[in-house]
1. Please count how many residues of the stretch 60-81 are open to solvent by less than 60 Å² (accessible area, probe 1.4 Å) and part of a helix (DSSP H, G or I).
2. For residues that are modelled with pLDDT of 85 or more and open to solvent by 10 Å² or more (accessible area, probe 1.4 Å), tally how many sit in the stretch 126-137.
3. Which of (1) out of contact with any helix residue (DSSP H, G or I) (no Cβ under 8 Å at 6 or more places or on another chain); (2) modelled with pLDDT under 90; (3) open to solvent by 80 Å² or more (accessible area, probe 1.4 Å) does V16 not meet, given it meets every other one?
4. Restricting attention to the stretch 83-118, which residues are under 18 Å from L291 (Cβ atoms) and in a strand (DSSP E or B)?
5. Would you pick out the residues in the stretch 231-260 that are at pLDDT below 80 and not hydroxyl-bearing (S, T, Y)?
6. With the checklist (1) in a helix (DSSP H, G or I); (2) free of Cβ contacts under 8 Å to residues at least 40 places away in the same chain in hand, flag the one item K57 doesn't pass.
7. Considering only residues that are open to solvent by 10 Å² or more (accessible area, probe 1.4 Å) and among the aliphatic types (A, V, I, L, M), which ones fall in the stretch 92-121?
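The values are calculated or read from the model by the stated rules, or taken from the named source; none is laboratory data. Being a predicted model, the structure only gives us computed values, none of them experimental. Here the Cβ positions follow ideal geometry from the backbone for every residue, glycine too, while neighbour counts run over all protein chains shown. Areas reflect the complete protein model, heavy atoms only, side chains present, ligands, DNA and RNA absent. Shrake-Rupley method; radii C 1.70, N 1.55, O 1.52, S 1.80 Å.
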Amino acid sequence: MITEKKLVSSELDPLVIFAPEEPGLQWQKIGGMAVLDEVSRSLEVCRMQCMTLTEAKAFAAADDRITFFFYVKHYAIMYHHHVLHAGDVIFFSGAPTLHAEPGADCFEKPAAPDSELSITAAPGNNWISIQAQVQVPFLNSDKAHAYLWPCLCPGQDNSAEWMDGGLQAVLSYSPAQNASNNTDSHGGWWVCGQYVHAGNRQKPAQACFGGPNMPVNPGDILSCRIVYDIASRSWLQTITNTTNKNSVSFPVSVKHKHGQTHEKNTVSFCLEKLARAYHGQAEHSHLYQCLSLFNVIAKARYPQNNLGHGLNNLPYVDHASLSDDQTSLHIARIILYSPMLDVR
């Protein structure tokens, strides 16, 4: 059982401010239920007493390890006949087993469907930079591979032959037994800038290459930037660990066949499903905690008054706003993980 609540670092990029709480998140409620069995105890993060429901939501929102909690309204009897009283709260990661309990209610953080959110600029417009912060997860599985990225992709208005790649600041986890050149011999979390060409019907070939990687530790705050440099006609990806100030960069020039700069008018935030080997075959697992992108700033080349329209109606997006000049979209937080409930 984890009892210590780790707080994020306060030493951050001076251009952005880390969001400590997300009061606008729309929690998913499961009334009359609680986690009462000892089987789910391994998923427990911590427990608190004498909290209001508002305080419990704010506490859970500030900790990415917490995906789920139950709040005691009257009293609840747990395993070994332990009694919980009104205002007691137990916080969990992952998907614990629920049992009927009229004296309590369960609440789950919302999450983007399929762990992906994409925002597309209007035809003829395109993104020229994206930045976001992410905290390296406290992964509680040593067998999984995880991939998270803020990504710039070709626009949907391009011809099919040009929709062939994305720029990605990739955070990944590799278990020690499968450690590759991207990690040290012990495996673990690492991050780097990459270009990924997934191929299509016109161009079936796939390609993936990137810059130097950097090992990172659970709890580190990473600041990721992808910026178009007019002088060099190339994209520069820079990832800085704000905890120790280490950084890696990856410049890449991506052009159309006619030599023009590859337009990017879709920005995506993705958490790829975890995969692990099971009896020689790949199977999907889950990252038990949620994963948030904070302080997202996406800048478009031209003003667009409906940029990011409707984002504030999404339960897993908090505080989206457009700058006065209508070129910069600011998002306080986007939540990605595999929830128990379908929020679509």
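1. 3
2. Of the residues in that region, 4 qualify.
3. In the conditions (1) out of contact with any helix residue (DSSP H, G or I) (no Cβ under 8 Å at 6 or more places or on another chain); (2) modelled with pLDDT under 90; (3) open to solvent by 80 Å² or more (accessible area, probe 1.4 Å), V16 misses (3) alone.
4. Within the stretch 83-118, F91, F92, E108, E116, L117, S118 qualify.
5. A231, R233, V254, K255, H256, K257, H258, G259, Q260
6. Against the list (1) in a helix (DSSP H, G or I); (2) free of Cβ contacts under 8 Å to residues at least 40 places away in the same chain, K57 comes up short only on (2).
7. The answer is A95, L98, A100, L117, I119.
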